[in-house]
Amino acid sequence: MDRRPQFKDPALAKALLTKIGMLAKDLPEVRIMEVCGTHTMEIGRLGLRQRLPDNIRLLSGPGCPVCVTPGEVIDSAVSYAQMPNHVLATFGDMIRVPGSGQSLEQVKANGAAIAIVASPLQLIKMAEERPETTIVFAAVGFETTIPAVARTIEIAAEKKLPNLKMLVAHRLLPPALSALCGDADTHISGFLLPGHVSAIIGEEVYRTIDELNVPGAITGFEALDILGGILSVLEMLINQTALIINMYPRVVRPEGNPHARALIHKFFTPIDAAWRGIGIIPQSGLALRDEFKAFDAPVLTQGSSTLPKGCSCGKVLKGLITPSGCSLFGSACTPQTPIGPCMVSSEGSCAAYYRYERINR
Amino acid sequence: MNDEPVRLLHGSGQGLQLLLNQVVLPSLHIHEKDGPLEDAALLTGLTGTLAFTTDSFVVNPLRFNGGDIGKLAACGTINDLAMMGAKPHALSVSLIIEEGLLFSDLKSFLNSLRQECETAGAAIVCGDTKVVDAGKGDGLYINTSGIGRVSTPYNLSAAHARPGDCVIVSGPIGQHGIAILAARQQLGFSSTVVSDCAALDKLALTLLEAVPETRVLRDATRGGCAAVLNEIADASNVTITLDQAAIPVQPGVAAACDYLGLDPLQVANEGRFVAVVPEASAGKALGALKRHPLGKDSALIGQVELRERFGLLIQTEIGGKRIVEMPSGLLLPRIC
Ligand code: SF4
């Protein structure tokens, strides 16, 4: 009746925690960033932060795709949803996030056409069934979601579906890592690298990031995966090495998934792109290649990437503060009354802290 | 006439007579010899404390692995009575039928309803049947109310948990919610999880007879164990700390929850209760429950402590502690 005992075994977890405690004695303050929102959620769910020695700090990174989506993309999605003969399709997480004005959820209540999908491949059927309607998909997400979007465009091209359009706001993880490491304020000692993204991009790409000169462990999502990732980063710090180690080989192959990457490359080309609360990161976004511009739903407004007043999501996403360091956290800003995107999205750091970790204060 | 649909004309006059005489009453085993249908049932011979409860059932879809809306409508009300230590005595059954529901389906739902009542020893004594236009309902809604006899006055209340007490769950959690999601094909994969939908009257009495000092008994329906345990913690002004490793969860439920990002504690049950008993009685309580087939996987899952800031906490598999929230209403609509 145990839940997948091999990766959740309490006795093994205890042994790993003891080992982490021993290594921590020989180290100064260590700041490990978990880049991925799924890691943030699981760390919260496990109550892991309280089980780590005081000098081992886990910081949440920019790995919640909805949180970093610029306000102008959300504003554009809202505009598309309100156009006659248009349906705005989106993943569910997106609909509560406000841009500079209303959220998709708010305009939906007023009758705007919004469809929540679990996979972009559902768009094909929608576009076929409603040829007179333009289906615009808010294409948000990291390397894990991009291949499915690329595949959707491939099918739409084959089937000649002129009414399917992509509002492309995909973001790439390696350029963000490079920007975080290059930022003098962040003081990151090591990274837990995202298992799912790495399954696509592979190990090698991390080694080509010049600025990434701290240890990194590619980490899965079970308790023992996460503890193993932390342990591996600490070991490297003690040995004064800064390697990229794959601690999730049961899912991540060294070469990643070349087929998925080829699919991305076929349809998209990298561009400089804004991350909400962080700013422009060179070559961290994607645009449709010229041959496929027919599938493009362009961003309609410019320059509303700012955060709601008083929201510190930018600092949270860079690991400069934990959510409880934001003066609005838990008082003005809660999941019922969210102010910033990090509280709205279920994978956002502020939401994860609110849900699981208020006990730590 | 089995595969004929119910039509609007079955809502009154001769049509209603036909629907009642050919489908509803025979399925519920109510016969002419029982006498004519009167405006109200007269219940005789009831003395002492009575329990009275009502519940409406709008589950979608009407059939799921391990049950249907009829079984659910009987068990839901029987269980609400049982949680107050009452023995189910009589039920009312009101049907709101959407035009288009097949006679054969209606029969089978009412049969399952009747079977549960028979097993629990509760008579179906009154009811009502309405038909609404196509598109104005969802096949079938059922309301049941129930009266139960409390022969031994147990002192049960959500406000009675005290520091030191033990928290017991009567079996593996989360099966009903996952079975419903699977039946709606919302899982994204096929699942063999069977709903735990069951009448708990016998199991509850088994526990109460063995441990009359039981303090709290609640069935963990909507919102799952997380909702009832939060309610108990708040009503009793205590903090309950659960032990993650001790909570029984079937592998199929665990896998579905992992995939959907749900916490099994927040997923609905329709045949599980949580009980709070004094620490000294915990062994006796578990022993009694485990001897009953419905309680064979019951487990001690947590401890009641002095009130802290949060009502419900869990000790995780790595020894950390976290909050277990009251689930938000939107998680799983229309599960019962
Ligand atoms: S707590 Fe709310 S306001 Fe503060 S950083 Fe998080 S989302 Fe923004």
### Query
Given B:L156, B:H29, B:G174, which one lies farthest toward the positive end of the charge dipole of chain B, if we put +1 on the Cβ of every Lys and Arg and -1 on the Cβ of every Asp and Glu?
B:L156
### Query
If you line up the Cα atoms of the stretch A:203-361 on their principal axes, what length do they span on each, largest first, in Å?
50, 46, 26
### Query
Which three semi-axes in whole Å describe the equivalent ellipsoid of the stretch A:277-356, each the square root of 5 times a Cα gyration tensor eigenvalue, listed largest first?
31, 13, 12
### Stokes-Einstein D in µm²/s, Kirkwood radius over Cα pairs - the stretch A:313-356 at 10 °C with 1.306 mPa s viscosity
161 µm²/s
### Query
How big is the Cα convex hull of the stretch B:71-153 in projection, averaged over all directions, in nm²?
5.3 nm²
### Query
Once amide H atoms are placed 1.01 Å from N in the peptide plane, what residues at a sequence separation of 5 or more from A:N246, or on another chain, have their amide H within under 5 Å of its amide H?
A:I218
### Task
Calculate, in whole percent, how much of the Cα-Cα pair population of the stretch B:177-336 lies beyond 19 Å.
56 percent
### Computed FRET value (nearest 0.05) for B:D297 with B:Q22, which takes r as the C-beta separation and R₀ as 45 Å
0.60
### Query
Which angle between 0 and 90 degrees, to the nearest 10, do you get for helix A:258-267 versus the longest principal axis of chain A when only C-alpha atoms count?
40 degrees
### Task
Subtract the Cα-Cα distance of A:L27 and A:Q336 from 0.36 nm times their separation in residues, and report this length gain in nm to one decimal.
107.2 nm
### Query
If each of B:K136 and B:A159 carries a label point 7 Å out from its Cα toward its Cβ, how far apart are those two points in nm?
4.3 nm
### Query
Which distance in Å, rounded to a whole number, links the C-alpha centroids of the stretch B:229-274 and the stretch A:1-78?
23 Å
### Pairwise Cα inverse-distance average, inverted: Kirkwood Rh of chain B (Å)
20.8 Å
### Task
Please give the FRET efficiency for A:S324 paired with A:N85, using the beta carbon to beta carbon distance and R0 = 35 Å, rounded to the nearest 0.05.
0.15
### Message
Let me understand the stretch A:1-151 better: what is its radius of gyration from the alpha carbons, and its Dmax, in angstrom?
### Response
21.3, 66
### Query
So how many Å³ per residue does the convex hull of the Cα atoms of the stretch B:169-219 work out to?
81 Å³
### Summary
For the A:L307, A:A148 Cβ pair and Förster radius 25 Å, calculated FRET efficiency rounded to 0.05 is 0.30
### Query
Percent antiparallel among DSSP beta bridges with both residues in the protein assembly as shown, to the nearest 5?
55 percent
### Query
Put +1 on the Cβ of each Lys and Arg and -1 on the Cβ of each Asp and Glu in the protein assembly as shown; which of B:Q315, B:N60, A:S79 then has its Cα farthest toward the positive end of the dipole?
B:Q315
### Label-point separation in nm, A:E235 to B:Q185, each point 7 Å along Cα→Cβ
4.8 nm
### Query
Can you give the Rg and Dmax of chain A based on its C-alpha atoms, in angstrom?
20.6, 66
### Task
Please get the size of the charge dipole for the stretch B:109-175, origin at its Cα centre, with Cβ charges of +1 on Lys and Arg and -1 on Asp and Glu, quoted in debye to the nearest 20.
160 debye
## Note on the structure
Placing each pseudo-label 7 Å from Cα in the direction of the beta carbon, B:D34 and A:R289 end up separated by a distance in nanometres of 7.3 nm
### Message
Just to confirm the number: angle between the C-alpha axis of helix B:201-210 and the first principal axis of chain B, 0 to 90 degrees, nearest 10?
### Response
40 degrees
## Note on the structure
Longest principal axis of chain B (C-alpha) makes with the long axis of helix B:251-260 (C-alpha) an angle, in degrees to the nearest 10, of 90 degrees
### Message
Please list, in order along the stretch A:47-64, the HN-Hα scalar couplings obtained from phi with the Karplus expression 6.51 cos²θ - 1.76 cosθ + 1.60 (θ = phi - 60°), rounded to whole Hz, x for Gly and Pro.
### Response
x, 5, 3, 6, 8, 8, x, 4, 8, 9, 10, 9, 10, 8, x, x, x, 10
### Message
In whole Å, what are the extents of the stretch B:1-98 along the principal axes defined by its C-alpha atoms, from largest to smallest?
### Response
44, 37, 18
### Message
Longer than 30 Å from Cα to Cα, which of B:K107/B:K290; A:K8/A:K309; A:K14/B:K284; A:K8/B:K202; B:K71/B:K290 are they? Say none if no pair is.
### Response
B:K107/B:K290; A:K8/A:K309; A:K14/B:K284; A:K8/B:K202
#### Entry: When the protein assembly as shown is reduced to its Cα atoms, the Kirkwood hydrodynamic radius in Å
28.0 Å
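Since every read-out is calculated from the coordinates, none of them should be taken as a lab result. As the structure is a computational prediction, the values presented were derived from the model and not from experiment. Cβ atoms come from the backbone with ideal geometry, glycine included; neighbour counts cover every protein chain shown.
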